[in-house]
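The values are calculated or read from the model by the stated rules, or taken from the named source; none is laboratory data. All of these numbers come straight from a predicted model, not from anything done at the bench. Here the Cβ is made from the backbone with ideal geometry for all residues, glycine too, and neighbour counts use every protein chain on show.
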Amino acid sequence: MSGHRGRGLGPSPCKRRSGMTVTLRGIRGNISQLLRLLSLEVLLLIPFILFVGLFEIYPILNMAYRSLFDLNGNFTLANYINAFTKPQFRFAIRNSLLFATAASLVGGIGGTFVAALAVRLPARWRNLLLSLYALPMTLSGLVVAFAFIVLLGRNGILNLLVRRAFGLPPTFYFNLYDWPGIVMVYAFFQIPLMTLSMSAVFENLDPNLIEAARNLGARSWQVWRYVVIPVLLPGFLAGMSIQFAGMMGAFGTVLALVGMAKNLLSLQIYSHSSESTYNLPQAGALAMVLITITGTALLLLSWSARRLARRGA
Amino acid sequence: MIRWILFVLLVLYIVVPLLMPVIFSFSVFWQDILPQGFTLRWYEAILTRPANYEALLVSLTVAFGAVLLNLVITVPAAYALNRAGPGWGQRLREGAVILPLLFPPLVVGTALLQAFTRPPLALTGTIWMVIIAHAILGFPFMFRLVLAAFQTIDERTLSEAAASLGATFWQRMRYVLIPNVMPGILSGALLVFAISMGEFEVTSMVAGFTAQTLPLRLFQQIRNDMRIASAITAFLIYVSFLSFVLMTYLGARMRRLRA
């Protein structure tokens, strides 16, 4: 008999308590079993804690610390002051906010639409569609960039087709290499991502609830306002926060499409940490700004989702 | 009717862009609307040109490394956190999901780059750093799948049943739990593998000249030689596609287990 029985002694929060409490409980019996269980579960967490601590938390704290020094190792706030005063960085922050918002909205609305359609399909076809929409998750940004260059680049297939069909000159083409084009390419990641989160939300929407509201005499808009939207909105906002956070940090596809010709916060961080404008403390400060923006957005969205969930209930 | 038209359009939305590099990679020449000729020359170039072939080997090494690392970290952590109560257990479970949102790959890359430049851990620019970075990126995905597997099989009840029959911890693991959560572990491993094979962003930051992966090679080739680039792109699509076919199969097995 293992320590498993020992669990029955108390609810799981006992693990959180101090050694004192554990000892007191142990006096009531079974101390060895309880300790064995405690140490086993904590032992099993050690690789995880070591890994995240050493390779995620420590490097980020280290980066935050180093961002407070200049290249010669003197303490300075210049990296942060630069981030908000240098036009290059101010434009980058502004562009990133606009780009992330636009791409999240496209992805959020598109994905919600696809999910709404998916739940209305027979199970077999729904699963096929959802499996297909899981595919972009692992695709490299470069793969998607390449695909769209072939499809919609200056001499891409679709541009050629449209030009031939309407007898237009070669100067006419859909410009993949400007903001609308870049947002469209990122939609290939964002729409499927949102589809996956929203399809779970739609499945939670009980049709009986809608039926009941109708039978009680609710009008169509009332059903939406008081039944459907309160159920969907928290999930939608959660999906949007994933979208926004992802888009603030994205740069691979842009880099493949336009190089450094577009100014984004993510591209600035990338170029300051690995390209010719190498300046790690500056990159660190910009990364801290990015974390702050993403963190604030996540907090705001989860706060409003919780408020809505409470009001909807 | 409209529903089915939309369905077809939505399928095409994913399939058509992904077919482009595949068609490109098999054609001799594609400047006009239709591609011309059929060839395997560009795939051959992956295997015969040393730089491409080495990149392929590096990518495979890194992907296997990231999967192994994640196995060691994720399976015990998912087991322990599945048993942990609603207090700190819940917080850790949520943290594992929120962490990657808060710290996107870009930030992890920038941070890793400057954290391990000196001995004893002078990892920056080595293949180890790439493996670690990929393991970090894959972790939340794998963790979610393995945790879900432990939840699905109702691990506590199973363990209690096995324990009441006198099975020790290791016997329970070996004969009861691991076989039951295997589909979840395999799915997670496949996902980590696929993510690692395609990863470009962090890799381009932390990999030095010694750890050139296939996507890094692809990035150079997009500017130099579109045809080689098309073969690498197509290859990466096959990897993702195969992983997902296998994962869908494993997911179906998981559902049958639950039923």
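Taking the condition of being facing chain A (nearest Cβ under 9 Å), of a type outside the set (A, V, I, L, M) and either surrounded by 18 or more Cβ atoms within 10 Å (Cβ to Cβ) or farther than 27 Å from B:R172 by Cβ (or both), how many residues in the range B:73-94 meet it?
Counting residues in the range B:73-94 that are facing chain A (nearest Cβ under 9 Å), of a type outside the set (A, V, I, L, M) and either surrounded by 18 or more Cβ atoms within 10 Å (Cβ to Cβ) or farther than 27 Å from B:R172 by Cβ (or both) gives 5.
As an exercise: evaluate A:A123 against (1) surrounded by 19 or more Cβ atoms within 10 Å (Cβ to Cβ); (2) free of Cβ contacts under 8 Å to residues at least 12 places away in the same chain and give the number of the one condition it does not meet.
Every condition holds for A:A123 apart from (1).
Select, from B:F150, B:F116, the only residue that is over 30 Å from B:R255 (Cα atoms) and among the aromatic types (F, W, Y).
B:F116
In the range B:185-196, is there at least one residue being outside any helix (DSSP H, G or I), buried (at least 19 other Cβ atoms within 10 Å of the Cβ), facing another protein chain (nearest Cβ under 9 Å) and at negative phi?
no
Residues in the range B:200-211: is at least one at pLDDT 85 or above, within 11 Å of another protein chain (Cβ to nearest Cβ), more than 20 Å from A:M137 (Cβ to Cβ) and out of contact with any strand residue (DSSP E or B) (no Cβ under 8 Å at 6 or more places or on another chain)?
Yes, the range B:200-211 contains at least one residue that is at pLDDT 85 or above, within 11 Å of another protein chain (Cβ to nearest Cβ), more than 20 Å from A:M137 (Cβ to Cβ) and out of contact with any strand residue (DSSP E or B) (no Cβ under 8 Å at 6 or more places or on another chain).
So, in the range B:1-29, how many residues would count as being out of contact with any helix residue (DSSP H, G or I) (no Cβ under 7 Å at 6 or more places or on another chain) and either among the aromatic types (F, W, Y) or more than 8 Å from every other protein chain (Cβ to nearest Cβ) (or both)?
Going through the range B:1-29 one residue at a time, the tally reaches 14.
Kindly evaluate B:V130 against the criterion of being farther than 25 Å from B:D154 by Cα, facing another protein chain (nearest Cβ under 7 Å) and either in a helix (DSSP H, G or I) or not hydroxyl-bearing (S, T, Y) (or both).
So B:V130 fails the test.
Can you work out which of the residues in the range A:268-290 that are at the interface with another protein chain (Cβ under 10 Å from one of its Cβ atoms) and among the hydroxyl-bearing types (S, T, Y) is surrounded by the fewest Cβ atoms within 10 Å (Cβ to Cβ)?
The extreme case among them is A:S274.
Only one of A:Y173, A:Y186 is more than 9 Å from chain B (Cβ to nearest Cβ), assigned to a loop (DSSP other than H, G, I, E, B) and not small (G, A, S); which?
When all the criteria are applied, what remains is A:Y173.
Residues are listed down the side, and each one gets a yes or a no for (1) among the acidic types (D, E); (2) farther than 25 Å from B:A229 by Cα; (3) within 23 Å of the chain's Cα centre (by Cα):
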{"position": "A:F113", "(1), (2), (3)": "no, yes, yes"}
{"position": "A:P122", "(1), (2), (3)": "no, yes, no"}
{"position": "A:L132", "(1), (2), (3)": "no, no, yes"}
{"position": "A:M137", "(1), (2), (3)": "no, no, yes"}
{"position": "A:G141", "(1), (2), (3)": "no, no, yes"}
{"position": "A:V144", "(1), (2), (3)": "no, no, yes"}
{"position": "A:L161", "(1), (2), (3)": "no, no, no"}
{"position": "A:F174", "(1), (2), (3)": "no, no, no"}
{"position": "A:F202", "(1), (2), (3)": "no, yes, yes"}
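Quick one: which of A:Y226, A:Y186 is modelled with pLDDT of 85 or more and among the hydroxyl-bearing types (S, T, Y)?
Exactly one residue qualifies, and that residue is A:Y186.
For every residue, the table says whether it meets (1) in contact (Cβ under 8 Å) with a residue 24 or more places away in the chain; (2) surrounded by fewer than 19 Cβ atoms within 10 Å (Cβ to Cβ).
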site: B:A135; (1), (2): yes, no
site: B:R144; (1), (2): yes, yes
site: B:A148; (1), (2): yes, yes
site: B:E155; (1), (2): yes, no
site: B:L158; (1), (2): no, yes
site: B:A162; (1), (2): no, no
site: B:G166; (1), (2): no, yes
site: B:M173; (1), (2): no, yes
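Conditions (1) facing another protein chain (nearest Cβ under 8 Å); (2) over 19 Å from the mean Cα position of the chain (by Cα), marked per residue:
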site	(1), (2)
B:A51	no, yes
B:L56	no, no
B:L68	no, no
B:A111	yes, yes
B:T117	no, yes
B:G125	no, yes
B:L137	no, no
B:F143	no, no
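Of the residues that make up the range B:114-128, is at least one at pLDDT 90 or above and either closer than 30 Å to B:F103 by Cα or hydroxyl-bearing (S, T, Y) (or both)?
Looking for residues that are at pLDDT 90 or above and either closer than 30 Å to B:F103 by Cα or hydroxyl-bearing (S, T, Y) (or both), one finds at least one in the range B:114-128, hence yes.
Of the conditions (1) crowded, with 18+ Cβ neighbours inside 10 Å; (2) under 19 Å from A:P47 (Cα atoms); (3) touching a residue at least 40 places away in the same chain (Cβ under 8 Å), B:W42 clears all except one; give me its number.
All conditions pass for B:W42, except number (2).
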